[in-house]
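What follows is a single structure, written as structure tokens, with notes after it.
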Amino acid sequence: MTVIRSLLIAFSTYSRIPVPQVEWTAENRRYSMCFFPLVGAVIGLVIWGWFALCGKIGIGAFLRGAAAALIPLLISGGIHMDGFMDTTDALASWQPKEKRLEILKDSHTGAFAVMGCAGMLLLSAALYAEADPAKAPLLICVFVLSRALSAWTLVTMKGARPQGMLGDFSRAAQKRAVTVSGSIYAVLCMAVWTALGGWIAAMCAAAAVLCVLAYRRMAYRQFGGVTGDLAGWFLQVTELALTAVIVIGGKLI
């Protein structure tokens, strides 16, 4: 039953998909990070279905791309975009680490956060508009792997704060279980990318590694460690990078 409760907590925390509510105890949260990528699988499947519907009824690339960019926000509730915006504001402040951490907790939205969000959505919409609908299954793995990597970094990298949601999840999560489950997700994603995209798989793997390394360097140097908001920033950036590799790489190969 602990596994089922962890699954429900993962979906209730990182999506707006209605699920039965369970008590937030350390025992129930133990494996929640292991199921985090399944939220991404749902997002990817919905986008695949949207692409199929667009092809069936003749919806053009512009509307297809714009709606596809909004689907992750609608399903996730924007929790990761919120972290991306907070982090963008903090990075743009050019303040000391302590001040940057305070900005992350500030509920106000700065100009850089708005510009960053707008830029992220515009680029995402443009990439989805350029995507080959026949290659839409490749995009499912983008949302799965980005969350698998986010979960892994949450429980393995040094936290910037001892308290907060990140600290709670890191203490409750079984690092070995998250690492093993993340490895399984990564292997499955690579298998799908190799079967359907050929050399795109190697390009995606390289992009994912670069995103992790860049994230660690940025988080440690600018904030002294990772936080929940930074995890949202990482997830959004990784999704955009992998989507770009699939869309643009698909045109080059």
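Each reported figure results from applying straightforward, stated rules to the coordinates on display, with no laboratory input. The model shown is predicted, which means the values in this text are computed figures rather than measured ones. Here Cβ is always computed from backbone atoms with ideal geometry, including for glycine, and neighbour counts include all displayed protein chains.
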For K99, list the lysines whose Cα falls under 19 Å from its own Cα; do not include residues on the same chain fewer than 8 positions away. K158
Cβ density ranking, 10 Å radius, fewest first, applied to I17, I9 yields I17, I9
Considering the chain, which cysteines have no disulfide-compatible partner, defined as another cysteine with its Cβ under 4.7 Å away? C34, C54, C117, C204, C211
Other-chain or far-sequence residues with amide H under 5 Å of G159's (modelled H): V226
List the residue ranges in the chain for DSSP H helices whose C-alpha atoms run 15 angstrom or more along the long axis and whose Kyte-Doolittle average is 0.0 or above. 2-14, 32-57, 61-76, 79-93, 111-130, 136-156, 175-197, 200-223, 228-252
Relative contact order of the stretch 2-252, please, whole-number percent, based on alpha carbon pairs below 8 angstrom and at least 6 residues apart. 27
Helical mean residue ellipticity (222 nm; -39500 (n - 2.57) per DSSP H run of 4+; nearest 500) of the chain: -27000 deg cm²/dmol
Once the in-chain neighbours fewer than 8 apart are removed, the lysines whose Cα is under 30 Å from K251 read K56, K135
